[in-house]
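J.: One structure, as structure tokens, below. Some questions next.
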Amino acid sequence: MKQNNKTNIDLPANIHDFRNSLNYTLHGDYYFPDLRLSTTDKTPLGHYGRMRLNYLREHRPGLYTRLILSGTLYEHLTEIDRNSRQRLEQIIPQVAQAEGIDEKLKAKDQIAWVGRMNNIRQCAEEIILQELVYG
């Protein structure tokens, strides 16, 4: 009877890749990364966090994948959302004050006040999108 000349190499069941800090487990002939869902508090993402997520998926797939594999995607998105909302709350009053939009105008001509405030809000959102969401 002829013996098979193949050598059986015993592969370790688990390995760690120091380049990406991931652990891998052997399943058959392949190593699969040990990925786990984080157990952090999952508050819903806001408008800017969802916009950042879509931007990363469509235009920055490398960064998107890196954030998923490191388990920091959700934290990144919540930070972008929080910073964007804070920046919006800072910009609107500053620009309104600089342009002289105050309660007197609101009492005198509400339509004009609403129009100017909407314009300021749109300009502030454009700034935020360029600086934080798409930057």
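The values are calculated or read from the model by the stated rules, or taken from the named source; none is laboratory data. Everything numeric in this text was worked out from a predicted model, so none of it was measured. Here the Cβ is made from the backbone with ideal geometry for all residues, glycine too, and neighbour counts use every protein chain on show. What goes into the accessible areas is simple: the full protein's heavy atoms, side chains included, and nothing from ligands, DNA or RNA. Shrake-Rupley method; radii C 1.70, N 1.55, O 1.52, S 1.80 Å.
J.: Tell me the angle of helix 47-59 to the major Cα principal axis of the chain, expressed in degrees between 0 and 90 and rounded to the nearest ten.
T.: Roughly 50 degrees, rounded to the nearest 10.
J.: Considering the values (i) -0.27, -1.12, -1.40; (ii) -0.50, -1.09, -1.23; (iii) -0.24, -1.09, -1.43, which represents log10 I(q)/I(0) by the Debye sum over Cα atoms at q = 0.09, 0.19, 0.22 Å⁻¹ as calculated for the structure under consideration?
T.: (ii)
J.: Counting Lys and Arg as +1 and Asp and Glu as -1, what is the net charge of the other residues whose Cβ lies under 10 Å from the Cβ of A124?
T.: Details: positive: R87, R121; negative: E89, E125, E126.
Around A124, the surrounding residues sum to -1.
J.: If you don't mind, there's one more thing I want to ask. Got a sec? Charge dipole of the range 78-132, +1 on Cβ for Lys and Arg, -1 for Asp and Glu; which of Q130, S84, A107 is way out at the positive end?
T.: A107
J.: Can you give the calculated 222 nm mean residue ellipticity of the chain, where each DSSP H run of n ≥ 4 adds -39,500 (n - 2.57) and the sum is split over every residue, rounded to the nearest 500 deg cm²/dmol?
T.: Numbers: 5 runs with 74 residues, N = 135.
That calculation yields -18000 deg cm²/dmol at 222 nm.
J.: Counting Lys +1, Arg +1, Asp -1, Glu -1, what net charge surrounds V114 among other residues with beta carbon under 13 Å of its beta carbon?
T.: +3
J.: Could you check how much of the accessible area of the range 1-131 is carbon and sulfur, as a whole percent, using a 1.4 Å probe? Let's see the in-between values first.
T.: Working: 5430 of 10410 Å².
Roughly 52 percent, rounded to a whole number.
J.: Also, quick follow-up: At 0.36 nm per residue, minus the direct Cα-Cα distance, what do H16 and E126 gain on full extension? Give it in nm, one decimal, please. Display every interim value, and only then the final one.
T.: Values: separation 110, 0.36 × 110 = 39.60 nm, distance 4.36 nm.
Length gained between H16 and E126: 35.2 nm.
J.: Placing +1 at every Lys and Arg Cβ and -1 at every Asp and Glu Cβ, with all other atoms neutral, what dipole size does the chain have around its Cα centre, in debye to the nearest 20? Don't jump to the answer; show the numbers that get you there.
T.: Values: 18 positive and 17 negative charges, 55 e Å.
Dipole about the Cα centre, nearest 20: 260 debye.
J.: I want to check the label-to-label distance for N119 and T25. Put each point 7 Å from Cα in the C-beta direction and report it in nm to one decimal.
T.: 6.1 nm
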